Amino acid sequence: MRPVNKRQQAADQGFTNWPLLIFLFFLPLRNVVTKFFPPLPGGINFVNVFFVLAFIFCLKSKEKIDWSYVPNKKLLYFILYLFCSLLLMMANLSNPIEGSANALKDFVFILCLTYIVQRSITRVEDVEKIIIALILPMPYVFRLVYSQYKSVARWHYSDDLRVNGPMEGLGSNELGAYLVTTTLLLLALVTFYKSRKKWVRYFTYLALACSGISLTLTYSRGAYLAMILAGLYFYLIKEKKGKLTLVLVLFTLSLPVIMPVSVVERFSSISSDESDRDASAASRFVFWEAAFEKAQESPIWGYGYRSWRSPEINKTGMDTHNYFVKTIVEGGAIGMFLLLTLVYANYKLARYAYKNATDPAHKAIALAVLLATLGMMVGNMFGDRFSHYSVVFIYWTLVGMLIKLQQLSKGPPPVGPKKRNNKRLR
């Protein structure tokens, strides 16, 4: 008899990282976490506890991280940069920003979800468990958003309409950024992935409706624009556009009827014309100008992690409302380079997988990462949607799933074009 390969046997049976699934389910539900998982002394919180549990549990799978994939390496470089940036902030400021170490710890834990997810998947079928954990909260999110909206609903737009749903301690813009990613994921699943479980297929459509309506009720212009541009990109790369074109035409024609007047008014306020800007949009140009002026004094290294919060650096006392502008100030050219190369590595792998994947789950996740990367880039031009763990966790989970699916498909990492050999044959 042949010796039993325990690793292969475990892979055939599948693997379930229950702490990870619970972690992913509760991450966007900040109101529930605050109520039932209050922070402990020493900066220990829900994120720390369940991250450690998920990490310990993933070690049982015996899976390894494949460092030949560029996103894995770029993410590691970015994490190391963040720690160096924290030290730089402490060296630059006479009064370092309080709580920065704990904030960075939580952020890094969420970034490392990419690695934990890869070690928690032993076969393609394991991906569905993670997908379910990501989309399962959507009916509750919709119920919370809609109940908040109904309590302040009015015909014309007002800032009182801005609701935050389960994002306790954050705002409607952060909720909108989270819902952009979930909506794009669900759109990709509906397009390519058909689960063998009937209830999962039906629930996916229900979750898409819940996510899309909730996104509309955030009144977040950044989320609206991110969704539109991501949807346009999806239409351009879609091979068979017949049904999609019909759906888009019908949806566009019905918008004036189904959309509340307040939503139309909010969307129409998106304008680059100086005479048409509202106070919120106009003030951002003032903050950006102040940030660029300060960045010129330290263009290479910046001033360090979260340094823009300090009155020593930021004389305006206001946020930049643009994560890339903030990165220029805090991380300088090095921080911006590492951030952009990381995002581009994710985009490049997703584009490669979308074009070459044959498995429906693989293709759906590739499309989700592709669209979510574009949506995240647009959303971060309107504020910090990158460092809030309740917002960005789903993106890094999808990246981890994509890398592992690419590995399971035995597909090589995407490489650049080969150099032509101009030597003459002898």
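Where a number appears in this text, it was derived from the coordinates with a stated rule and is not lab data. Since the structure is predicted, the reported quantities are computational estimates derived from the model, not experimental observations. Ideal geometry is used to build each Cβ from the backbone, glycine not excepted, and the neighbour counts take in all protein chains shown.
Values computed for the structure shown
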item	result
Order of T122, T245, T327 under a 10 Å beta carbon neighbour criterion, fewest first	T245, T122, T327
Sparse-neighbourhood loop sites, chymotrypsin sites (Phe, Trp or Tyr not before Pro) in segment 89-155 - DSSP loop, at most 10 other Cβ within 10 angstrom	W155
Convex hull of Cα atoms in segment 1-144, direction-averaged projection (nm²)	12.1
Surface/4 estimate of mean projected area, convex hull on alpha-carbon atoms of segment 22-96, nm²	7.7
Exposure proxy order (Cβ contacts within 10 Å, fewest to most) of E63, E330	E63, E330
Calculated P(r) of segment 329-385 - Cα pairs past 14 Å, %	61
Extension gain from V247 to K315, taking 0.36 nm per residue of separation minus the Cα-Cα distance	19.6 nm
Label-point separation, V124 to E168 (7 Å along Cα→Cβ), nm	4.1
L232 versus T191: modelled label distance in nm, points set 7 Å from Cα along the beta carbon direction	1.6
Paired Rg and Dmax values of segment 94-241, which use every Cα atom, in angstrom	17.9, 60
Proxy reagent accessibility, fewest Cβ within 10 Å first, across W18, W288, W308, W67	W67, W18, W288, W308
